[in-house]
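The next block holds one structure in the form of structure tokens; read it before the comments.
The values are calculated or read from the model by the stated rules, or taken from the named source; none is laboratory data. Computed from a prediction, not measured in an experiment: that's the story for all the values here. Don't worry about glycine lacking a Cβ; one is built from the backbone with ideal geometry, like all the others, and counts go over all protein chains shown.
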């Protein structure tokens, strides 16, 4: 079972509800943002233990959000999983080079996402 607070950032409300439910079943607490601006505000108010985010977001896109996270002394080591419909190699490589901890393409296997999150959070604690 997991623990910790996870920020889920995606414009797809059905997906964020699904992730909230599954992560809650696994012992995680969640907060949700539906665009990059909401995510930045959430990060400033209450830094989570990990972030799951789409790369294509309104207000601030995922790359801008990732740049903000990695540029912050307080957040720079935060595990960030990019969950995106972008499947091209260049998109995946760009996100990883910008500091994404992991990258999954949509559609994805929900239990795989949870397992990757748990792995990243264990590494952060160790």
Report task. Name, by its number, the condition in (1) more than 20 Å from residue 105 (Cα to Cα); (2) without any contact (Cβ under 8 Å) to a residue 24 or more places away in the chain that does not hold for residue 29. Result -> (2)
Query raised in the report: In this structure, does residue 27 turn out to be part of a helix (DSSP H, G or I) and more than 13 Å from the chain's Cα centre (by Cα)?
Result: no
Report task. Just need a number here: residues in the stretch 33-50 that are in contact with a helix residue (DSSP H, G or I) (Cβ under 9 Å, 6 or more places away or on another chain), outside any helix (DSSP H, G or I) and without any contact (Cβ under 8 Å) to a residue 60 or more places away in the chain. Result -> 3
Query raised in the report: With respect to residue 13, is the statement that it is within 19 Å of residue 122 (Cβ to Cβ), at pLDDT 95 or above and more than 13 Å from the chain's Cα centre (by Cα) true?
Result: no
Requested in this report: Filter the stretch 51-68 for residues that are at pLDDT below 95 and over 13 Å from residue 106 (Cα atoms) and give the result.
Outcome: 57, 58, 59, 60, 61, 62, 63, 64, 65, 66, 67, 68
Requested in this report: Would you check if residue 1 is part of a loop (DSSP other than H, G, I, E, B), more than 17 Å from residue 71 (Cβ to Cβ) and either modelled with pLDDT of 95 or more or out of contact with any strand residue (DSSP E or B) (no Cβ under 6 Å at 6 or more places or on another chain) (or both)?
Outcome: yes
Query - Matching option when the condition is on the phi < 0 side of the Ramachandran plot and surrounded by 14 or more Cβ atoms within 10 Å (Cβ to Cβ), among 92, 109 - result: 92
Report task. State all residues of the stretch 4-16 that are outside any helix (DSSP H, G or I) and touching a strand residue (DSSP E or B) at 6+ places or on another chain (Cβ under 8 Å); if no residue qualifies, say none. Result -> 4, 5, 6, 7, 8, 9, 10
Query raised in the report: Among the residues of the stretch 51-102, which ones are without any contact (Cβ under 8 Å) to a residue 40 or more places away in the chain, over 23 Å from residue 115 (Cβ atoms) and not in a loop (DSSP other than H, G, I, E, B)?
Result: 63, 64, 67, 68, 70, 71, 89, 90, 94, 97
